[in-house]
Amino acid sequence: SVVSDARPAPTETASAPRLPPVSPTVEEPPLILDPRYRRPPKPPIYPASAIRLGQQGTVWVQARISVAGNVTDVRVHRTSGYPALDAAALAAVRGWAFVPASREGRPQEAWVRVPVNFVLTENRRSFP
């Protein structure tokens, strides 16, 4: 009779760290700081509460623009310091239309960064 001394191979108790799978490189759309508009941008609606409180300032909005020139995403790049003005700026920029960026003659997605100014005038100060 043959006696076998075969044993299973030892298993490693400490496993090597697993690296996440490598994803294909996705190129981030370029950032355009002096965008061109397809049509004049409609001014933001000045929030009544901000008028009453005398709030003014500039909101820098960063918006993602589709190959058609439409806004697909908006975010505050630099706040005015007033949430109501920031929200009004985002709402306004969502409705704007830009000339799309292009590379080698073909339209491409891009980010734009634009200021939205809120300035009180004497007419606005008297707003109820």
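Every read-out reported here was derived from the displayed coordinates using simple, explicitly stated rules and does not represent laboratory data. None of these values were measured; they are calculated from a predicted model. Cβ placement follows ideal geometry from the backbone for every residue including glycine, while neighbour counts extend to all protein chains displayed.
For the pair residue 113 and residue 33, how long in nm is the line joining their label points, each one 7 Å along Cα→Cβ?
It is 0.7 nm.
Could you rank the peptides 27-39, 86-98, 63-75, 103-115 by their average count of other C-beta atoms within 10 Å per residue, with the highest value first? Display every interim value, and only then the final one.
Working: 27-39: 12.1, 86-98: 18.5, 63-75: 16.2, 103-115: 14.3.
Most protected by this proxy first, the peptides run 86-98, 63-75, 103-115, 27-39.
If I model a spin label at residue 70 and residue 45 as a point 7 Å from the Cα along the Cα→Cβ vector, what separation in nanometres do I get?
2.1 nm
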